[in-house]
Structure formats: structure tokens, C-alpha cells
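Participant: Submitted below is the structure of interest, expressed as C-alpha cells.
The values are calculated or read from the model by the stated rules, or taken from the named source; none is laboratory data. Just so it is clear, the model here is predicted, and its values are computed rather than measured. In this analysis, Cβ positions are derived from the backbone assuming ideal geometry, glycine residues included, and neighbour counts consider all displayed protein chains.
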Amino acid sequence: MNSNIWLLTFADAISIATTLILASLGAILTERSGVINLGVEGMLLMGAVTGFVVADSSGNLWLALLVSVLVGVVLSAVHAALTIGLRANQIVSGLAMVIFGTGLSQFIGKPVEGLPRPVIIRPLNFGALSDIPILGPVVFGHDLFTYLTWLLAAGLSFYLHRTRPGLLLRATGDAPATVDAQGGSVARIRWMHVIAGGALMSFAGAWYMFARAAAWSQAATTNGIGWIALALVVFASWRPLRAIGGAVLFGFTLQVPFTLQAEQISILPPTIVAMFPYLVTLAVLVALSTPRARRLLGAPKLLGQPFVRDER
Amino acid sequence: MSQAGRAVAPALVARGITKRFPGVVANDSVNFDVARGEVHTLLGENGAGKSTLASVLCGLYRPEEGQLLRNGAEIRLNSPRDGLSQGIAMVHQHFRLVDRFTVAENVVLGHKSLSFVLDNAAIEERVASITQEFGLPLDPRAVVGELSAGERQRVEIVKALYQGAELLLLDEPTALLAPPEVEKLFITVRAMTHAGKSVVFVSHKLGEVVDISDRITVMRAGKVTGSVRRGDADVRRLAELMVGREINIVPRRAKSPTSDVLLSISQVHLEREGAEILTDINLEGRAGEIVGVSGVAGNGQRDLAEVVAGLRMPQRGNVTVCGVPTSRAGALGARRAGLAYVPEDRLGTGLAPSLSMVDNLVLTRKRGFIVDRKSALRESEGFIRQLEIKTPGPLTPTRKLSGGNAQKVLLARELFAVSGARVLIVCSPTRGLDVGAVEAVHALLDEARDAGKAILMISEDLDEVMTLADRVMVLYRGRITLEQAGIDADLDRIGRAMAGLAS
Amino acid sequence: MIVFGRRVRMEQRLTTPSSLLVVVPVLSVLFALVVGGVFLALTGHPPIGTYLDLLDNGYTSFYGITDTLGLATPLVCTGLSAAFAFRMNLYSIGQEGQMYLGMIGGTWAGIVLADALPTAIAVPVVLCCGALSGAAWVALPALLRARLGTSEIVSTLLLNYVALNLVNYFIFGSTGFFRDPTTSFPQGRTVSENARLSPLSFFTDKVTNTYPTFVIAVVLAVSLFWLMKVSNYGYETTVYADSPNTARYAGMNSTWLQSSVLLISGALAGVGGAMYVVGPAGKVDPGLLQIGLGYAGIVVAALARYNFVAVILAAVLFAGLRTGGNALQASSDPVPIAIAVVLQGAVLLFALGGELFRRNKVTIVRVKQAVA
């Protein structure tokens, strides 16, 4: 075992974290507006499969990414219509999105199952910079979207905390009645952010497809990454920048089983090691729900509750 | 008009406003106007329609009929935002603030002319200048969740002023304030009228509005029943206009209670997360008396009630109910010892809102493996007849009942259905009820008192405490700072104690 | 929102007309069929013909309906499990994993205990062990929820993935207790014959895929319905679900209520897994991992509006989609089985939207001018 393996695992973790960051940024935007979308897993799958199918028939990465973003928009619009418009239970609606998205992605992906990726997102070429020890693979070994994702996290952080619509968004999750009384439209703010969030989630799936997955397979493409992204939102205490750190941590746990397998290190059977990311996520969730941690977290106050204007 | 001689149109005129809600006409052809620089008070009992009128004036409600004129020109308001663009703003009784935001963030939230990127320093400066101009001491950087009720109200007022309000509607602004804080509010109101702004003061507290108002308009049952100018205001006359009949101010009964101590609280001390909530509380409740505990909201009233009810365990001290120590016995233990509890939050704590009256009567009974709903059904039918509870039937969910009828269900259970309960805690028993219901609830409490129960009544409504209690206490920052017999209760001293100014 | 001078107005209903209790689910299914039809048409399958095939293969033919009832058996259990938790506002979505554990626990009992017992005792023992294992699998999330308030949604879900890998470990990753030692082919060790029930023949000489466990599942659903209606436990959970503050006020123990509801929910899903052992499988069978009966249980529960008796009907409906879908996949013009899952998801989405109409009277009104 050489230390290089762990360095590469770490670099891989940073790369895989891109999906987690994108998905959890989407969830943060959604939840900050007071709506929970548990359908992340379904969104990821749908983004991945539609991207794959479009790329397969057109060979155009950009078109594929665009279509998968649009799919995310449509799916999250369904969630928004159900939960904001029809005031359906957000949790059940989110689960329905998971089930619906899983089924539909299998249906759509059936013809392309097992085919190799038609296009691949490759790391940028930084020339000699990539050869710098440690810094090379960790900082300069990634593709364009990974860097853009970091920028996006910073941008969203600025948006949330330093801009007028960000202020309104935070208020909508905490005190929708206040926003309503100010003449803001709670429904419009929620619609916009649920949809923007959905677009990010499904883009996360498409990116994963083209940058990380080997092929589309119906069962194992996302493997619960969507759920880990949801746990990550809590871990990041609904702050975009903190999602990066958490995503790298979770990305590491996702990557370790692969490294162990690739290096044929068999401390434990692979099926046991495969439980590792979920158990770590669970442990983190538990640590975050101690009363002390809870005080520091600050979830949007009225998360998950439909807003109905009180007219006697 | 106070601006004598000049033919200036009033700042706002409402003509023939009618607003209906399912089953009620909240405003019935109401006329109302307010001039520049004037304080015009809307006075009326709960449910008289004054808050509805204020909501119409600020654009929150759209009336079915009627007309609004702003400075002589007709306007149409479809939302509070329209109201704001006309310079009309309302400060609601329940503050609409974001607890996690700072004062400055709350003030600018939703403001139209705000730049896309927030310039916090400039905003804070602007907020500070408004607070200074109108005598509203506030730190723009303070987090609203940590402010007192009075300070939060100031935030609401600053917010309205920041948005350029020329006409402010204050809905029950003194409800949550201790008397000295009311004085501060009045100073601000005067500063605003001096600056040419108009203030509409919505209140049901007769006593305090006489001083501040230039005019008082009284409403009852959705209609205007009269209007008086400063100087002509006669408290008795106003009270009659409010209630619609002659008022007899009943002298406090001087029946001496028996000496049986049924409830005793000694040296109770409660902490939560390191903060002291209740300090050294000593209190006795005797058979046949009502002990009234008053105070400004948030001074430990609720915690006191919960400690006695067994829902919270004090760190030190003892509570005994009918001789049985209950401070460690939990809610069930306290009930078994003979305690009944009517919490402030009727639907949501005292009653399960989606459950029927029958199921709610079962709540505090001892239940076997199978729940006996048959006898509860008979009991409900009895209560519906005796207490004249208006409900479609005993199986209707309690949330469909009006506040007064829900309270009757709750009182029926706690006073009569629970066998052997001799000690009763009631919290704000008439909050939000209309006049008729208030009388019915007070009558029930008096009846229970005369039947020899010991009643601990915790209420922020000083009038209620003064009319019902045989002994009056004031709770301030978790301590009992004043205790007086009901007959010689001195309003002035009580007010000072509520504000923490007692010696 | 005002469109063409008209506005949608909603009023809370005081009472729900009983006709709507039927109309809303039926319409949900119809709308879902339309959505599925669009996807079928887009992928070149004739919708109506496909649906007729689905109907025949899922519900109306002898083997269709008996296959469906067999598949519905564990689904009733996971549906009950989800309904039991969801009606308490506890959103446990761990039915999938709890069902696997029920299968593992049931198999353990079937191998270790059943040999010495007659079938009449061995089967209940296996089912009970399944229930206990399912409950044990939710014990940690239940404890966390009741003690620390940790969201049960994510914790139960994460454990599904752990359970899935656990089954894989027993069969593919190791050669331990649950692995059949007699073959090199990775498959589970079979339980004692005493722990198995033979399929129902429905008065024919045909061998069906419906087992007597279906009857047990139905009895379970009906008795749960009745017990929760009349018992004190049912009463306390109803109060708690409606208003936790009221429950606390009345001295109910919220820690006990929350954790016991989650444990019972886990037990119900576990029984479903054990029924799979007693019935068709007879061993730890990774085949169960492919069907997603746990997740489908959530859909079934939501469609049944958490009513335990309605869960039976919803489960049969859903199982039929699945068996019908299986037959379609195997037909000459194969339709991916995923169409069944698409239909399930769509039914749930429409049923959710339909809730609004059940709770509110929705009318479209002409907007009157505010100030005349």
C-alpha cells in the first residue's frame, strides 16, 4: 500500500464531490424556500439517463446537458405544482418523484443499457501544473464543471446572504407570512427556487453520467447518492460553501470501496465495504442531531409546511 | 378637521365599507376618516370588526362594497403592497418579523427600491437615523429573535416608516406592552403626528386610548356606533357605545375563602439551558378563591403553569395538589392528585383540533385497553345542552368550532368531566373570544370558584385579572414581584410591577 | 392568480362527500394510465392493446390474478408498515430494508427452529422472527427519532442500502450460514419443510403462486384496522399525530409512542419478508431485491390514504401492474417492466394532487371588482 493511492482517492473524492455539491446546492435552494424535495435520487437518475440517451443519438455533450437540465425543470415543476399549488404532502410527493423517476429512467434507459458512454467529460489540461506533487492531482486534475461548481457554490452563497432576492428567499423559508405581508409572492419565490434546485439536481446526474459512471445501468448508476446529498444539506447547515467540505468528506467514503477493490486490499468483503458510505452518512446525521449541534445548525424554520394565507 | 379653516381633504376616507366572511358581516357600511397629523382611534370589543376595517384600509382585505379616498382621490387597494405605495402601512398585533434576521434586515425586507446587492452599512445607517428621529431606541444589528415584544414592535414601526408610510395603522399595539412601554409608544406616536403623519390606533382598551386620541370612533358588531372628539370623551359613554348597553362596574366580591389550602407552591425554581426561568415562586391557592397572576407575556407565566401541571420538572422546590406532592409526578400524577389545566393554546394543546368533542373528552380520562366512547358521547350531549355549545354535533372536529365554543368544550372537560379535580389552572381563558363568550367563560370560572375549587388564573389581560381574582399577583422575570388582595388591588402599582419597577 | 378574470377559490370542506373517497382514487388511476399511455405511444407500443394485455395478465386470467395475489402478499405488509408510520407523521421509508431483514430472520428461524416443530407452530414462529428482525432493523432510527429527533426519513433510507448489501454479503460475499453449502452456485440455504406452506389451488388442480400467507396478510390488515380504531393505543397515536402538544399535555409518553410506532411499522415490513420465506422462496433470496416491494409499499399506503383495509385493495392493484408488466416484458413485443413502476409513481402523484379536492371545495369564480 503506498500513500499515493490515498492521495489519488482523495483527488477522486474531490471529483465525485461535484455531483454531491451540485445536488445539495439544488436541495439547499429548494429547502431555503421552505420546500423539501426528497426526490433528489429520482432527479439524478432522470438527468443521467436523459443525458445519456440524447448524447447517444446526437453525440453532442452540450445538447445532452441542456436536455437533462430541462428534464429536471419539468420534474421539479411537477413537485412544485403538487406541493405549492395543490398543497400535497411534500414528503410523500418527494418519494413519489423518487419512485416515478426510478421507473421512468429504467424505462427510458432500457435500450441503451450497458452501452459505453457516447461522450466523456474529461479533466482540463493544465500542462505541467498537473504534475506538481499532491497539488497537481488534488487541485489541477478536474474537469471544467468541477471548477464551475465551486464557483457556483460561492456565487450562491453570495446570492443568499448579500443580495435582495437572497434575503427574500431566506425570509420565505423562515417566515412566509412576513414575506406575504410585505407583498412578496411566497408561491412565486418557492416555484422559482424549487425549479432552479431541480435543474441543478438533474444536471448533477448528467455530470455524473459523463464524468464518473462507466455505463448506464438501471440499478447501480446513482446508488443512493441523492440521499447522501440530502444528508449533506443538513451537514452543511443549509449554507452553499459548507457543502463543498462536506461533499469531499462524503465523496471520500464513496470512493474508498473502489480504491480498496482496485488495490485488491481485502480487509473486509466488498459487500461489507459497500455499506461504508451509508453508515458514515448515518453516523454524521446522528452527530448532527445532538441538541448542541442542532442549535448551531439553523434549518429553515417552516421547512416542509405549505403556506396558506390566513384569511380568517 | 384640526387644520382649521383650510379645505384640506382628509388623509384617508373610507365610505360605506362592507366586508363579509363566511357566516359574518365583519364590516357593515362603515364610514371612517383620518386627517393629517391626527390620531384616530378605532375602539371596540373583540370581534367588533375594527381589525377587519384596519385590514381593509391597508389593502390586506378587499371589501365587497365601499370606497376609499386618499387625500381626496379615489384609490383601489388589492394588496398591502398597494397600500404601501399609497403610504399606508399596518403594524399587526402579531408581528410579522423574521426572527433570525437582524433589525436592519427585517426593516428592508421586501423593500422595492433596494439595490440587488445589499449595502449593509448604508442600510444600517438609514435605519439608525429613523430610530433617532422618532424616538425608537434600537440597534440595527441586533437579532430580532432576541428582542422583547416592545422592541419588536418598534422594529415594525421603523419598517413602516422606512417604507415611507404617512399613515400608520396600529392594531392593538399595547396588548403585549407593560404600562411604561405604552408610555414610550405614545411618545413615538406623538413624534409621528408632529411630523404630519396620521395614526389609526386600533384598541379595545378603553382607559389608555383616551389620552392619546384626537378622535375616537367606536364599533360594535360590524357597525360604527359613535364617534367623539378629544375633550368630549367620557369613559362611561364610550363603554356603553362599545358594549351596547349600560355598564355596571361590579365591585369586587369580598367573600372570604376558606382556609383549606388545596394548591401550594413553595420555593420553586426552574432553569432551562442555564437560564433562570422561575425564581423562588411561593404561592397558595385555597378552596373557593381565584388567584390571578398577571404580567407581560414571556415573564415565565407559561412555565409556571407547566410546572404546576406536572409538564415541567422544577430544579428545586415543591408543588402539592390536595396534599400530594406533584412536582416530580408528571402530568398524569398531577391529574391524579386532583388537578385540572386549561392551557392558553386551546386548539393545539388543550384540544386535539381534528378530533371530535367525544374524543377530546376522553383525553384526560383514565382509559382501559379499549376506549369507552359511549359514555363520552352521552357526556358530550349533556354538555352541549347545559353549556349551550354551538356545534353541528358531538362528532364534529373541534377545530370547526368557534373560539368560544371550543373553550367551553375545554372548560367542560376540565371543570366537570374530570372527577374530583379540585385545583384548576387556567391560562388566558378569554383571549381572542367575543364579548358573549367572555362572559360565559367568566361565569363558568366564578361558578367553579363558588363550588369550592382553588383556581390559579394566569392572564396577560389585566382587566380580566382585576375583575375575577380574589388575590392578584404580578410575575416579572420569573419572580412574583407583587401580591395584593383583589379588593385593594391598585392598578398603578400593578402596572409598575409588571414593568419591573416595583420596589 | 387571476386568469381571464377568474380565480380559483378553495374552501375547506366541513365533511367529505363519500363519493369522492371512491372517485379520487379511480381518477388517479385513470390519469396515470393516460400518462403511461403517452410513454408507451412514444416508445412505439400501442397503449390500448398494451393495457388490455396488462389487464388480462395482471388481473382477469386465472394465473394472472393468482400471481398477483402472491405478489401482493408481502406488499400488503409493507403497505401496512408505511401506513402505520405515516399516519403518525413518521415518514419511515425503510420498508425495503426491514423486509430484507424479515427474510433473513425468518430464514434463520426456518433453518434453526422449524425442524423440531409442527408446521402449525413453525410458520408462526418464522413469521414472528421475521417481525422481530424487521423491528430490530428500525430500532436505531426509532431510538434516534424519539431521543434526538433525528429525521427518520434519511436514516431509515440509508439502512435500506446497508440491508441490501447485507443480503448480498450472505449470498454472494460469503459462504456462511445462509448460503447453500451443497452447491457452488451462490444461492440461499433452504429452510425446513415444516416452515413452508403449500400454494392455494382455489379448488382446481392447478399450482398457483398464491400462498395462504395472503389470507394471513388480509387478517392482519383487518385486525390492525379494528384495533387502531377502538384501542387506547390507537387513540393515543391519533391524538399524537393530530397534535403532539395535546398528547404531551395529556401526559402521553411521546418517546414511547414514536418509537413503538416505528418498531411496529418495522415489524409489519419484516413479516412481509418472512411471508416470502414461508411462501415462494424458502430461503434468503436475492430475487426479492429486484422487485422493490418496500418502496412500492409506500405508494400503496399513500394511495390507500393510510387506511389499513384500503391497503389490501391498493396492494392488489399494484401487484397486478407488476405481474401484468412482467408478462408484457416476456411477450413478443417486449415492453420494459419499468412501465409498471412508471404507472405506480404516476398513480401516487395524481392521488396526491387529488387530496386537495378531497379536502377542499374548489370552485372557479369570476373575480369581482374590489372597490366598486
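Participant: Report whether or not A:L148 is closer than 20 Å to A:G51 by Cα, out of contact with any Gly (no Cβ under 8 Å at 6 or more places or on another chain) and in a helix (DSSP H, G or I).
Facilitator: Values: closer than 20 Å to A:G51 by Cα: yes; out of contact with any Gly (no Cβ under 8 Å at 6 or more places or on another chain): yes; in a helix (DSSP H, G or I): yes.
Yes, satisfied.
Participant: Pick out, from the range B:1-114, the helices (runs of 4 or more DSSP H) lying fully within it that include 3 or more residues that are under 19 Å from B:T193 (Cβ atoms).
Facilitator: On the way: elements: B:50-58, B:80-85, B:103-108.
In the range B:1-114, the matching helices (runs of 4 or more DSSP H) lie at B:50-58.
Participant: Suppose we filter C:F214, C:F177, C:F170 for residues that are under 21 Å from C:V284 (Cβ atoms), in contact (Cβ under 8 Å) with a residue 60 or more places away in the chain and crowded, with 18+ Cβ neighbours inside 10 Å; which single one remains?
Facilitator: Matching residue, one of C:F214, C:F177, C:F170: C:F170.
Participant: While we're on this one: Any residue in the range A:170-178 that is within 10 Å of another protein chain (Cβ to nearest Cβ), out of contact with any strand residue (DSSP E or B) (no Cβ under 8 Å at 6 or more places or on another chain) and within 19 Å of A:V49 (Cα to Cα)?
Facilitator: no
Participant: Is there any pair with a first residue in the range B:18-37 that is over 22 Å from B:Q86 (Cβ atoms) and free of Cβ contacts under 8 Å to residues at least 60 places away in the same chain and a second that is among the β-branched types (V, I, T) and surrounded by 22 or more Cβ atoms within 10 Å (Cβ to Cβ) whose Cβ atoms are under 9 Å apart and which are 6 or more apart or on different chains, and what are they?
Facilitator: Final answer for the pair search is B:F21/B:T52.
Participant: Here is a further query. Take B:L283 and decide whether it is at pLDDT 90 or above, more than 14 Å from every other protein chain (Cβ to nearest Cβ) and under 28 Å from the mean Cα position of the chain (by Cα).
Facilitator: Working: at pLDDT 90 or above: yes; more than 14 Å from every other protein chain (Cβ to nearest Cβ): yes; under 28 Å from the mean Cα position of the chain (by Cα): yes.
So B:L283 passes the test.
Participant: Does C:G297 satisfy the criteria of being in contact with a Cys (Cβ under 9 Å, 6 or more places away or on another chain), at pLDDT below 95 and under 30 Å from B:A352 (Cα atoms)? Walk me through it before giving the result.
Facilitator: Values: in contact with a Cys (Cβ under 9 Å, 6 or more places away or on another chain): yes; at pLDDT below 95: yes; under 30 Å from B:A352 (Cα atoms): yes.
When the stated conditions are applied, C:G297 passes them.
Participant: For the condition over 25 Å from B:S203 (Cα atoms) and of a type in the set (A, V, I, L, M, F, W, C), what is the one hit in B:V34, B:V91, B:V107, B:V117? Before the answer, list the steps.
Facilitator: On the way: B:V34 fails: over 25 Å from B:S203 (Cα atoms); B:V91 fails: over 25 Å from B:S203 (Cα atoms); B:V107 fails: over 25 Å from B:S203 (Cα atoms).
It is B:V117.
Participant: Looking only at the range C:323-337, how many residues end up being within 11 Å of another protein chain (Cβ to nearest Cβ), touching a residue at least 12 places away in the same chain (Cβ under 8 Å) and in a helix (DSSP H, G or I)?
Facilitator: 1
Participant: While we're on this one: Regarding the range B:268-278, can at least one residue be identified that is out of contact with any His (no Cβ under 6 Å at 6 or more places or on another chain), in the same structural domain as B:A497 (by TED's automatic domain parsing), surrounded by 19 or more Cβ atoms within 10 Å (Cβ to Cβ) and closer than 17 Å to B:R449 by Cα?
Facilitator: Within the range B:268-278 (the criterion being out of contact with any His (no Cβ under 6 Å at 6 or more places or on another chain), in the same structural domain as B:A497 (by TED's automatic domain parsing), surrounded by 19 or more Cβ atoms within 10 Å (Cβ to Cβ) and closer than 17 Å to B:R449 by Cα), the answer is no, since none of the residues qualifies.
Participant: Would you be able to tell me the number of residues in the range C:301-348 that are among the β-branched types (V, I, T) and at pLDDT below 90?
Facilitator: Residues in the range C:301-348 being among the β-branched types (V, I, T) and at pLDDT below 90: 6 in total.
Participant: Read through the list (1) assigned to a loop (DSSP other than H, G, I, E, B); (2) more than 20 Å from the chain's Cα centre (by Cα), then give the number of the only condition that B:L278 fails.
Facilitator: Unmet condition: (1).
Participant: Within the range B:172-248, considering only strands (runs of 3 or more DSSP E) that don't extend past its boundaries, which have at least 3 residues that are in contact (Cβ under 8 Å) with a residue 24 or more places away in the chain and over 30 Å from B:Q132 (Cβ atoms)?
Facilitator: B:215-220
Participant: All but one of (1) within 14 Å of chain B (Cβ to nearest Cβ); (2) crowded, with 16+ Cβ neighbours inside 10 Å; (3) without any contact (Cβ under 8 Å) to a residue 12 or more places away in the chain hold for A:R162; state the number of the condition that does not hold.
Facilitator: It is condition (2) that A:R162 fails.
Participant: For B:A497, which of the numbered conditions (1) crowded, with 21+ Cβ neighbours inside 10 Å; (2) touching a residue at least 40 places away in the same chain (Cβ under 8 Å); (3) in a helix (DSSP H, G or I) fails to hold?
Facilitator: Failed condition: (2).
Participant: Only one residue in A:I5, A:I108 is β-branched (V, I, T), at pLDDT below 90 and more than 30 Å from A:E263 (Cα to Cα). Which one?
Facilitator: Numbers: A:I5 fails: more than 30 Å from A:E263 (Cα to Cα).
That would be A:I108, the only listed residue that is β-branched (V, I, T), at pLDDT below 90 and more than 30 Å from A:E263 (Cα to Cα).
Participant: Now for a separate question. Only one of A:A231, A:A299 is closer than 29 Å to A:A171 by Cβ, within 14 Å of chain C (Cβ to nearest Cβ) and assigned to a helix (DSSP H, G or I). Can you tell me which? Lay out the reasoning, then the answer.
Facilitator: Working: A:A299 fails: assigned to a helix (DSSP H, G or I).
Residue meeting the stated conditions: A:A231.
Participant: Then there's this: Taking the residues in the range C:167-215 that are touching a helix residue (DSSP H, G or I) at 6+ places or on another chain (Cβ under 7 Å) and of a type in the set (A, V, I, L, M) as candidates, determine which candidate is farthest from the other protein chains (Cβ to nearest Cβ).
Facilitator: C:L197
Matching residues to (1) surrounded by fewer than 22 Cβ atoms within 10 Å (Cβ to Cβ); (2) closer than 17 Å to A:V179 by Cα; (3) more than 26 Å from the chain's Cα centre (by Cα):
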residue: B:L43; (1), (2), (3): no, no, no
residue: B:N46; (1), (2), (3): yes, no, no
residue: B:R70; (1), (2), (3): yes, no, yes
residue: B:L109; (1), (2), (3): no, yes, yes
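Participant: Among the residues of the range C:216-247, which ones are aromatic (F, W, Y) and more than 14 Å from chain B (Cβ to nearest Cβ)?
Facilitator: Of all residues in the range C:216-247, those aromatic (F, W, Y) come to C:225-226, C:233, C:235, C:240.
Residue satisfying the conditions is C:F225 alone.
Participant: If you don't mind, there's one more thing I want to ask. Which of (1) modelled with pLDDT under 95; (2) in contact with a Phe, Trp or Tyr (Cβ under 7 Å, 6 or more places away or on another chain) is the odd one out, the single condition C:M103 does not satisfy?
Facilitator: Failing condition for C:M103: (1).
Participant: Looking only at residues in the range B:308-350 that are of a type in the set (K, R) and within 14 Å of B:H269 (Cα to Cα), which one is farthest from the other protein chains (Cβ to nearest Cβ)?
Facilitator: Start the filter on the range B:308-350 by keeping residues that are of a type in the set (K, R), which leaves B:312, B:316, B:328, B:335-336, B:346.
After this cut, where a residue has to be within 14 Å of B:H269 (Cα to Cα) as well, the list is B:312, B:316, B:328.
Details: B:R312: 10, B:R316: 23, B:R328: 14 Å.
Applying the filter and picking the extreme gives B:R316.
Participant: State all residues of the range C:41-54 that are of a type outside the set (V, I, T) and within 23 Å of C:V316 (Cα to Cα); if no residue qualifies, say none.
Facilitator: Within the range C:41-54, the first condition is being of a type outside the set (V, I, T), and the residues that meet it are C:41-42, C:44-47, C:49, C:51-54.
Hits for the range C:41-54 are C:P47, C:G49, C:Y51, C:L52, C:D53, C:L54.
Participant: Mind listing whichever residues of the range A:70-116 are more than 8 Å from every other protein chain (Cβ to nearest Cβ), surrounded by fewer than 20 Cβ atoms within 10 Å (Cβ to Cβ) and over 30 Å from C:N360 (Cα atoms)?
Facilitator: Across the range A:70-116, the qualifying residues are A:L70, A:P111, A:V112, A:E113, A:G114, A:L115, A:P116.
Participant: Residue under question is B:A376, and the condition is that it be over 22 Å from the mean Cα position of the chain (by Cα), under 25 Å from B:V324 (Cα atoms) and of a type in the set (G, A, S); does it hold?
Facilitator: Details: over 22 Å from the mean Cα position of the chain (by Cα): yes; under 25 Å from B:V324 (Cα atoms): no; of a type in the set (G, A, S): yes.
Taking the combined requirement at face value, the residue does not satisfy it.
Participant: Give the residues of the range C:248-273 that are within 12 Å of chain B (Cβ to nearest Cβ), surrounded by fewer than 23 Cβ atoms within 10 Å (Cβ to Cβ) and touching a Phe, Trp or Tyr at 6+ places or on another chain (Cβ under 8 Å), sorted by residue number.
Facilitator: If the condition is that a residue be within 12 Å of chain B (Cβ to nearest Cβ), surrounded by fewer than 23 Cβ atoms within 10 Å (Cβ to Cβ) and touching a Phe, Trp or Tyr at 6+ places or on another chain (Cβ under 8 Å), then C:M252, C:S254 are the ones that fit.
Participant: Output the number of the condition that B:E344 fails; it satisfies all remaining conditions of (1) surrounded by fewer than 22 Cβ atoms within 10 Å (Cβ to Cβ); (2) within 26 Å of C:Y233 (Cβ to Cβ); (3) in contact with a Lys or Arg (Cβ under 8 Å, 6 or more places away or on another chain); (4) not hydrophobic (A, V, I, L, M, F, W, C).
Facilitator: (2) is the only condition that B:E344 fails.
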